[in-house]
Structures are given as C-alpha cells and as structure tokens.
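Quick notes on the structure that follows.
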Amino acid sequence: MMMYATPLLRLAYTRPIMAGLAVGMVLLLADRALSAPIPNSTQVFEKEAKTCASAIHRQERTKAIPHGLLQAISLAESGRWFANAQGVSDASEGAIIAWPWTVTTGGEGHFLPNRADAVAFVKSLQADGVENIDVGCMQINLKYHPKAFTSIEQAFDAHTNAAYAANFLKTRHAAAKSWIQAAGDYHSITPQLNQAYRLKVRKLWNLTSNADFLTARVPQASTMRTAQRSKIAQPDIALTQRFNKAFKNRRSTGTGFNTGQEIANRINALKPGANLTRPTGQSREETFAQRRQAQLAQWRSTTIN
C-alpha cells in the first residue's frame, strides 16, 4: 500500500550523540538483521507460510471479501519467493508466500528474519527521520495511515495488519463498486499505477482463488510450484541480468545511444524541403515556400490558359 516513498537514508553516524544509547542499540540490531542473509529453506517456509495466510483468510470470511482477493493483494505487497527444498536455482522452481516481516521504504523492500528485527528496523528508520514506511503482510503505510496501529509491534501482528487492510479495501469497494478497482485503489489512485497494480493483482487472484490454495493448511511447496508455473509467468533472471549488463556497457561506452543532435538531424531530414538548395541566409521553410509559389503560378498559367 502506497509503495512509493522517500529515499532511504541510512546515515546513522550523522545523528547527534545525545540521541541516546537505546537508539544506537536499535540501529545495531537492525543493521545486523539486514546484513545477515535470511535462510531460503523449507523449514523457514513451513514456519511462516501460515502467518499471513491464515490471518488474511479469516478477514476474507468475516468481512465478506471475495475469496482470494486479499490474499492476492498480500502477495503483490509482501510476496517472498522460496526456492524448492532441493535448492534448485531455477527461478521457476519454488513457492511464493506473503512475508509477515516485510518493510518497504524508498521503493525498496526488505525481508527481515523475524518480528523483533522488523520492529527494530522500522524504529531505526523513524529515528533517522524516515516517515514513508510500509509494514507487514499487507504493507500498511505508516505515513498515510498514522492511526492504523497503536505501536510498531502491533503493526507486525498479522491479524491486526490484515484487519486494517480488509477494512480499508472495503471502504474503497464502497466507493468504486468494483472489487478489482478497489484493489487498484488500495495501492494508488494515480491512473497509471492503479491500472498496472490491478493487472498484477488479477493474475495473482487466479492463483489464490483456487479452491485448494486456502484449506486447513497452506499447500506444500511442490503443490504451489505446479499451480504457479501454469498461472504466473516467472522472470528469467539470467536473461534480465544479461540485458542489464549489455545496457550498462552501451551506456558507459556511448555506443548504441543517439545524441539529441543526431535525432534532431534525422527528424529535420524528413521535413519538406530538407534537400533543397537554398540561398545563403535563407531558411529551409522560406525556400520551400518560394518553390511552391513558383510551381503554383506555373500550374495556373498552363491550366487556365
């Protein structure tokens, strides 16, 4: 929700010493949490797979939200990809779940390993003066929804986070009279951002509306992997990296990029009279106009007489 934000400023060393030892400890914990890689394992997947999903499923039932819609929004907001248990590096092999300890700021999402580290990270951002922060399963923005939670700790409670998101989605539906439009409004009312988000949620909804997506337990990675392969196109990471590398090389060498003057010359060459020989000091437009007048006068004299 409200994924666009101010740039992330992690300049803790510029804060005055009087900020206090407590803030310094929070920063230390957050920095450690970000520097330590989160295990992408079956154990982690099984532990957290139900955290967001069960809370969101309850809200869909109690708030009469179409089955799977709030789940789809959660995957769009805080979806984290898990490789399969065998550790295959192919990006198409794995499962996606809403990660409860997600923090987004400055347009960049961070998957923290647990609730304590997520809380510490948000508090460190706020100590740095950052206000535009999205938190939790449904990525509620703390700047635009300042009264959503009584504390940062509560913001990362999956049931509280999902309940607020469900109520907000219901208010958007009451105004839009369309659930998919309400889903777009959940992210942004800017038309271009709204449309792109609606398309993303609609694709995910094809997965989450599946009858066996939410049962007594979340499907195993292999089950979700099969469903996702047929419904969600996963990016070719290796191909994307090659494209990015080639783009950076062309930009650094200057080859393959046309300068503004080159483009202007090419456009001018297509204009009427571009190839006319004209007197010194006379513009192309003037020369072209004179030629046209002469041609018109000649046509009149030969046609009329």
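The values are calculated or read from the model by the stated rules, or taken from the named source; none is laboratory data. Everything numeric in this text was worked out from a predicted model, so none of it was measured. Cβ placement follows ideal geometry from the backbone for every residue including glycine, while neighbour counts extend to all protein chains displayed.
Each residue in region 181-201 was checked for being hydroxyl-bearing (Ser, Thr, Tyr), farther than 19 Å from Pro66 by Cβ and within 13 Å of the chain's Cα centre (by Cα), and 1 of them qualify. How many residues does region 276-305 hold that are aliphatic (A, V, I, L, M), modelled with pLDDT under 75 and in a helix (DSSP H, G or I)? Qualifying residue count, region 276-305: 1.
Hey, any hits in region 154-169 for a residue that's among the charged types (D, E, K, R) and either assigned to a helix (DSSP H, G or I) or crowded, with 22+ Cβ neighbours inside 10 Å (or both)? The answer is no, given that none of the residues of region 154-169 is among the charged types (D, E, K, R) and either assigned to a helix (DSSP H, G or I) or crowded, with 22+ Cβ neighbours inside 10 Å (or both).
Within region 154-204, the set of residues being touching a Lys or Arg at 6+ places or on another chain (Cβ under 7 Å) and among the aliphatic types (A, V, I, L, M) comprises Ala166, Ile180, Ala182, Ala183. Of all positions in region 147-159, none carries a residue that is within 20 Å of Tyr197 (Cα to Cα), of a type in the set (Lys, Arg) and in the same structural domain as Ala55 (by TED's automatic domain parsing). When the strands (runs of 3 or more DSSP E) confined to region 90-149 are screened for residues that are touching a helix residue (DSSP H, G or I) at 6+ places or on another chain (Cβ under 9 Å) and at pLDDT 95 or above, those reaching at least 1 such residues are found at 102-105.
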